1. Restricting the stretch 77-111 to residues that are more than 21 Å from Gln158 (Cα to Cα) and outside any strand (DSSP E or B), which is modelled with the lowest pLDDT?
2. Going through the stretch 125-160 one residue at a time, which ones are surrounded by fewer than 17 Cβ atoms within 10 Å (Cβ to Cβ) and either basic (Lys, Arg) or in a helix (DSSP H, G or I) (or both)?
3. So, in the stretch 112-124, exactly how many residues are assigned to a strand (DSSP E or B) and surrounded by fewer than 19 Cβ atoms within 10 Å (Cβ to Cβ)?
4. Pairs please, first residue from the stretch 107-132 and among the hydroxyl-bearing types (Ser, Thr, Tyr), second anywhere and in a loop (DSSP other than H, G, I, E, B), Cβ atoms under 6 Å, 6+ apart in sequence or on different chains.
5. Among the residues of the stretch 55-70, which ones are surrounded by 16 or more Cβ atoms within 10 Å (Cβ to Cβ) and either outside any loop (DSSP other than H, G, I, E, B) or in contact with a Phe, Trp or Tyr (Cβ under 7 Å, 6 or more places away or on another chain) (or both)?
6. Answer yes or no as to whether Ser113 is of a type in the set (S, T, N, Q) and over 20 Å from the mean Cα position of the chain (by Cα).
7. Please count how many residues of the stretch 161-171 are part of a loop (DSSP other than H, G, I, E, B) and at pLDDT 90 or above.
Amino acid sequence: MEYQAMPTISKILGIVFFLFFSSFVLSQSLGNLAKFPPETKEMTVTTESNGMPKLEPSYISLFVGKYYRLKINCPDVKDDLTGWRIEMPELLRNSHLRLVTVGDIEIHLQGLSFNAIECDEVGSAHVSFVPIKPGEFDLYVGNVPSALGRPIGESGIQEKGKFVIGKLLVQ
């Protein structure tokens, strides 16, 4: 009996060690996660005739471990109160952030985070990042909180405002 139990225990330990070390190896980076140039993904936020934001495309597919530059265009914003706030908190928490660019100003984050981008004048912003966790993440585009009498910089869906929810799928 004892003689047969030993090979079984050593087989189980062998499997446990194999699973542990293979998951460790698979979780490690296979190289430079921010290898230049990043793949550009574009989205445009416009205002429909009924005042609702329109997000095109409303769905973007990404891959874990690939370096991206998300270009957010806001071509028809008139002022602070008619602008749009863009939030993607779950994607940001599950990505390595590298750079945010607004106009000619670059903010090098190197893994730090931010809450939102507000388009309160015509222009575009770029967010460079590497997704590190798969999932389907919401991308919220809605009224700037101050346009609804809410505190400046308040995050989250402005329920009494106008908004759309896009999706970012990370595989």
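The values are calculated or read from the model by the stated rules, or taken from the named source; none is laboratory data. Since we're looking at a predicted model, the values are computed, not measured. Every residue, glycine as well, gets a Cβ built from its backbone with ideal geometry; the counts of neighbours run over all protein chains shown.
1. Gly111
2. Filtering the stretch 125-160 down to residues surrounded by fewer than 17 Cβ atoms within 10 Å (Cβ to Cβ) leaves 132-136, 138, 148-157, 159-160.
Those that are surrounded by fewer than 17 Cβ atoms within 10 Å (Cβ to Cβ) and either basic (Lys, Arg) or in a helix (DSSP H, G or I) (or both): Lys133, Leu148, Arg150, Lys160.
3. Summing the residues that are assigned to a strand (DSSP E or B) and surrounded by fewer than 19 Cβ atoms within 10 Å (Cβ to Cβ) in the stretch 112-124 gives 2.
4. That search, which allows pairs on different chains as well, returns Ser128/Pro38.
5. Of everything in the stretch 55-70, those that are surrounded by 16 or more Cβ atoms within 10 Å (Cβ to Cβ) and either outside any loop (DSSP other than H, G, I, E, B) or in contact with a Phe, Trp or Tyr (Cβ under 7 Å, 6 or more places away or on another chain) (or both) turn out to be Leu55, Ile60, Leu62, Tyr68, Arg69, Leu70.
6. On the way: of a type in the set (S, T, N, Q): yes; over 20 Å from the mean Cα position of the chain (by Cα): no.
Criteria not met by Ser113.
7. 2
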